[in-house]
Every structure is written in C-alpha cells, then in structure tokens.
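S.K.: The structure is given below, and queries will be raised subsequently.
Where a number appears in this text, it was derived from the coordinates with a stated rule and is not lab data. Small disclaimer: the values here were computed from a predicted structure and weren't measured. All Cβ positions, glycine included, derive from the backbone under ideal geometry; neighbour counts span all protein chains shown.
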C-alpha cells in the first residue's frame with residue numbers, strides 16, 4: 001500500500017486568492033501579504049481549490065510538480081517544506097491508500 | 001453656493017473668521033488662514049467647489065497660520081494645523097498654499113480608514129475608472145492632468161479612494177499638483193487649462209497646481225468602478241512600452257502603493273482581491289504624453 005501525506009492550508013490563519021497559478025496570500029497573524037508565482041503557486045492553488053488527498057498522485061498536480069522542477073530548478077518537496085515552515089501548509093499522514 | 005460666487009475678499013474674510021467650509025468629495029474641510037495667497041489660490045483653483053456656512057459639521061478643521069514673533073517680519077513661515085495640532089515643521093511663507101494641499105492630503109490618508117487609500121491618480125470615462133498608482137516622481141500627475149484635458153473626468157490626482165463595501169471609487173477632484181518640468185509640459189499640452197503661479201524651492205522642487213475641469217467638480221458625487229490599472233513611469237525620450245501584467249502582480253503593486261492596506265487587515269485584502277478580479281493591469285513606460293495617451297485610448301477597451 002502506497003501511503004501519501006496530505007497537505008491542507010491553514011485557513012484559520014491565512015486567506016488567499018489565486019489567478020491562473022499565481023497566488024497572493026494574506027497572513028491574519030502578521031498582516032503581511034505576499035505573492036507566489038506559478039508553478040509553485042499552482043501547487044498551492046491546487047491544494048487550496050481541490051484539497052490534497054493523495055496530493056502527489058493527482059495528475060494535474062504531478063504536472064505542476066514537474067513544471068516546478070523544470071522551470072525553476074526547485075524541488076517540489078523543498079517548496080512544500082518551505083510552505084510548511086512558513087505555517088501556510090499543514091502536513092499530516094494519510095492513512096488511505098493511493099491508487 | 002460655489003467658491004466662485006464669493007469674492008477674494010469674501011473668501012479671505014471667512015478664512016480669518018470661522019473658516020471656509022469646502023466640500024471635496026466625501027470630506028468637508030473647514031479651512032482657516034491668515035497666510036497670504038490662500039484666498040487667491042482657493043478662489044481660482046477651487047472655484048467650482050461647493051462651500052457652506054461655517055456652522056455645521058466638518059470632517060477636518062485645518063488652518064495655515066503664520067509663525068509669530070520677530071521671524072514673522074524677517075522670514076515669514078507657514079504652519080499647518082489640524083484641530084490645533086501641528087504635525088509638521090513650518091515651511092516658508094510663500095509655500096502656504098502648497099502646505100495646505102499637502103496637509104489636506106495628510107488628513108485624509110491618516111484618518112479616512114473607512115476607505116482603502118492608494119497613492120496615485122484616478123480618472124473616469126463612461127462610469128469606468130482608470131487608476132495610475134505610483135510614487136512621486138513617476139509622472140502620474142503629469143499623465144493624469146493630460147488625460148483630464150483629453151476627455152477623462154478627474155477623480156483624484158493623489159489619493160485613490162475605494163469604498164470596500166461597494167468597491168466603488170470616490171471622487172476627490174482637487175487641484176492637480178504639477179512639479180518641475182511637468183508644469184511647462186502641461187502649459188504646452190493644455191494651453192487652456194488654468195495652472196497656478198509656480199511655487200519654487202519646495203521640498204518637491206517647483207510646484208504648481210492645475211484647476212480640475214468643471215466636469216470633474218460638477219460630478220464629484222458620481223462614483224466609478226475600477227476597470228484599468230496602469231503603473232506609469234516617465235523617462236525622458238523613452239520609447240513607449242505598454243505591457244499587460246498578471247493579476248497577482250497587479251495586486252502586490254497596488255498593495256505596495258496603498259497607504260492603509262495593512263491598517264485595514266483582511267478587509268483590505270478582500271477588497272483589493274475583488275478589485276483585481278474586475279480590472280486589467282498594465283505597466284506603461286513613456287517619454288511622450290501624446291504617444292501614451294493614444295496607446296491608452298486604443299488599449300483600454302470599455303466593458304462589453
């Protein structure tokens with residue numbers, strides 16, 4: 001059984017709006033806003049819009065992960081780690097199997 | 001009653017007594033002053049604005065007074081006050097009217113947090129607003145004044161006021177502040193427009209004010225919907241570049257130019273995001289007024 005982690009945005013602390021993969025995030029705690037361009041923003045947009053059960057296996061998101069690596073040279077997992085470190089994303093282990 | 005219905009002596013008498021009340025869009029200022037030149041400047045630059053008797057509510061009670069003592073004779077200075085409080089150091093007496101204008105702007109952007117306030121100019125055509133957010137020195141006032149003389153209605157030269165409840169822009173339509181070379185540029189571009197006598201050696205260089213078009217002040221109560229956001233940048237003899245920008249970039253640039261975005265918290269975020277949804281954004285680098293206005297008129301299509 002292949003078990004993938006799930007990611008959700010901390011919606012109590014952050015508000016966000018996205019436009020074609022570019023995301024602006026508002027931090028209710030600090031009052032700061034910042035922008036995340038695609039393809040990194042697209043991954044966040046994906047999580048925000050559709051939730052993230054079996055995130056890594058979703059085809060669209062897999063495309064964005066590949067795009068992120070290609071276009072920016074950044075590892076998707078490092079982006080996700082940064083988002084978790086910033087408190088935007090909460091990661092928890094999925095107990096469901098992924099197809 | 002309009003300011004033009006008063007004589008200069010009549011304006012001066014009110015300024016020296018209980019104050020001259022002027023309605024500038026959503027705000028009423030009560031202005032008191034004994035400084036030279038204020039009555040004359042108000043008479044021509046605010047000629048189409050409404051004025052009311054001194055009794056009654058005013059949003060801001062401001063004054064431009066002369067500093068007292070021996071200095072008054074040797075080197076006159078002007079002091080701006082709001083409710084008797086002096087927020088700034090005095091300026092030379094000849095800069096009294098410029099100080100009044102800057103002080104009125106300060107009153108609004110430090111107090112009127114019921115509005116999202118963005119540093120920039122705004123104009124309207126057919127109910128749709130074009131905003132030009134930019135810091136000082138970018139050429140926004142020059143472009144704003146030029147557009148006002150090419151069929152656009154002035155909403156504001158300096159402070160873009162947006163009501164977060166209905167996302168409409170409110171008009172201020174006060175005189176357009178022109179600086180340095182733009183004064184002569186606009187004299188040539190719009191020879192029929194009234195531009196005040198330049199005030200030299202201010203902190204912003206030489207400053208003059210253009211009277212808002214009569215249409216701008218007559219329709220000051222008409223709100224407008226945001227349609228276009230253009231970030232202007234003037235560069236001498238630069239070729240015109242008018243490039244579309246993405247929504248998120250537009251959002252961040254608007255927030256960077258806002259006076260009170262952080263003060264408003266999530267309300268400001270939500271309002272700005274909704275405004276960005278309904279607007280198209282551009283960056284305009286220009287070296288010629290005629291070229292940029294032609295390009296804007298060609299590019300800024302009205303809503304279907």
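S.K.: Taking only the stretch B:18-63 into account, find how many residues are in contact with a helix residue (DSSP H, G or I) (Cβ under 7 Å, 6 or more places away or on another chain), free of Cβ contacts under 8 Å to residues at least 60 places away in the same chain, farther than 20 Å from residue B:170 by Cβ and surrounded by 17 or more Cβ atoms within 10 Å (Cβ to Cβ).
M.R.: Number satisfying all stated conditions: 5.
S.K.: Let me ask something additional. Could you list, in sequence order, all residues of the stretch A:22-37 that are more than 9 Å from chain B (Cβ to nearest Cβ) and surrounded by 15 or more Cβ atoms within 10 Å (Cβ to Cβ)?
M.R.: A:25, A:27, listed by residue number.
S.K.: Would you tally the residues in the stretch A:7-17 being more than 8 Å from chain B (Cβ to nearest Cβ), closer than 16 Å to residue B:270 by Cα and not in a loop (DSSP other than H, G, I, E, B)?
M.R.: Narrowing the stretch A:7-17 to residues more than 8 Å from chain B (Cβ to nearest Cβ): A:7-14, A:16.
Filter once more, keeping what is closer than 16 Å to residue B:270 by Cα: A:11-14, A:16.
If we keep only those that are not in a loop (DSSP other than H, G, I, E, B) too, we end up with A:14, A:16.
Selection size over the stretch A:7-17: 2.
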